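The values are calculated or read from the model by the stated rules, or taken from the named source; none is laboratory data. Predicted, not measured: the structure shown is a model, and the values here were computed from it. Cβ sites come from the backbone with ideal geometry, for glycine too, and all protein chains shown count toward neighbours.
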Amino acid sequence: MKDHLVKAVADGVRVYAAVTTNLVNEAIRRHDCYPVAAAALGRTMTGALLLAANLKNREALTITFDGHGPLGKVTADATPEGFVRGAVGNPHVDLPLNSKGKIDVGGGVGTNGMVTVTRFTGLKNPITGSVAITDGEIADDLTKYLFVSEQTPSSVGLGVLINTDLSCLAAGGFIIQPLPDATDEVIDKLEANLKKVNSVSHMVEQGLDAKGIIAEVLQGFDVDYLTTTDLAFRCPCSKERISEVLLSLGQKDLESLIADGHAEVCCHFCNEKYQFTKEELQAIYDKAMANRQKKAQD
Ligand code: ZN
């Protein structure tokens, strides 16, 4: 099944659901994630895609969990077009299962810090909000963030199932938000549904697509399915962009790279490695010096 996100409305509630198994596997492969990192990053990337689905075209959103746990920072960037990238500080963290027999995402993320969401809306200053992390299990933290920071009551469900070979078996998520005209009866029915549904990762494992997940959580509702968007792991980095970063280095740093004879620069978000030869570094150095001279004259 291809990764995808479906939007739907029903009786005064808005629901988005996503299947993200492939893009979580892409993140595991790129960052060589062990299960705790894979689950934390997979949930955060899925949550970022669900939150970004509400943005306008060309906007973007970043979620950062900084809970001071052994994983370090867990970050994901997503766009409403369905692209996501993400990274985790220490992908090789190994922790025993938690008391429920599950991957200890909360123990990895840590609970001594903040979850921050930044929306890049094209305005000069991005909009940032943050709340203290509650359990570090990602979904409830995002629910709390939406309620406290954006005054939007929501229910977020996220799940990542990791296989014994460290690959992702199933991943997905949903977000439900009552619209202002939702009645108490609708909210009660929704809460009753959420209590009895299977975890979202098991729904995906059983073969349900995003529509199937929505049908499960909205049993008894008259669902109107809206759009379907394909999802993918994608990082906008390129050798050209990395060259721009090198251009901004100080003269001494550039000189030492040239002395080394080559440079390998790794993109933090996707772990793609870019090689620069001595000649390329020299050209960057010359350009940087010319730029600086020009700037000094202006
Ligand atoms: Zn990249």
Here is a check on your reading of the model: is Val131 closer than 17 Å to Arg43 by Cα and aliphatic (A, V, I, L, M)? no
Report whether or not Thr143 is part of a loop (DSSP other than H, G, I, E, B) and of a type outside the set (A, V, I, L, M, F, W, C). no
Only one of (1) in the same structural domain as Leu158 (by TED's automatic domain parsing); (2) within 16 Å of the ligand (Cβ to nearest atom) does not apply to Ala192, and that is (2)
Scanning region 44-88 residue by residue, the ones that are of a type outside the set (A, V, I, L, M) and touching a Leu at 6+ places or on another chain (Cβ under 6 Å) total 5
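Condition check ((1) within 16 Å of the ligand (Cβ to nearest atom); (2) part of a loop (DSSP other than H, G, I, E, B)) across all residues:
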residue: Met203; (1), (2): no, no
residue: Gly212; (1), (2): no, no
residue: Thr228; (1), (2): no, no
residue: Pro236; (1), (2): yes, yes
residue: Leu254; (1), (2): no, no
residue: Glu264; (1), (2): yes, no
residue: Cys270; (1), (2): yes, yes
residue: Gln282; (1), (2): no, no
residue: Lys287; (1), (2): no, no
State all residues of region 88-118 that are touching a strand residue (DSSP E or B) at 6+ places or on another chain (Cβ under 7 Å) and either modelled with pLDDT under 95 or closer than 20 Å to Asn163 by Cα (or both); if no residue qualifies, say none. Val88, Ile103
Can you tell me which residues in region 269-298 are closer than 30 Å to Ile63 by Cα and loosely packed, with under 13 Cβ neighbours inside 10 Å? Lys273, Gln275
If I ask for residues that are within 16 Å of the ligand (Cβ to nearest atom) and not charged (D, E, K, R), which ones from region 238-252 would you list? Ser238, Ile242, Ser243, Val245, Leu246
Tell me, yes or no, whether region 126-133 has at least one residue that is surrounded by fewer than 22 Cβ atoms within 10 Å (Cβ to Cβ) and touching an Asp or Glu at 6+ places or on another chain (Cβ under 8 Å). yes
When region 134-166 is examined, which residues are found to be under 19 Å from Val88 (Cβ atoms), surrounded by fewer than 18 Cβ atoms within 10 Å (Cβ to Cβ) and in contact with a helix residue (DSSP H, G or I) (Cβ under 6 Å, 6 or more places away or on another chain)? Asp135
If we keep only residues of region 64-119 that are part of a loop (DSSP other than H, G, I, E, B) and polar (S, T, N, Q), then the residue nearest to the ligand (Cβ to nearest atom) is Thr79
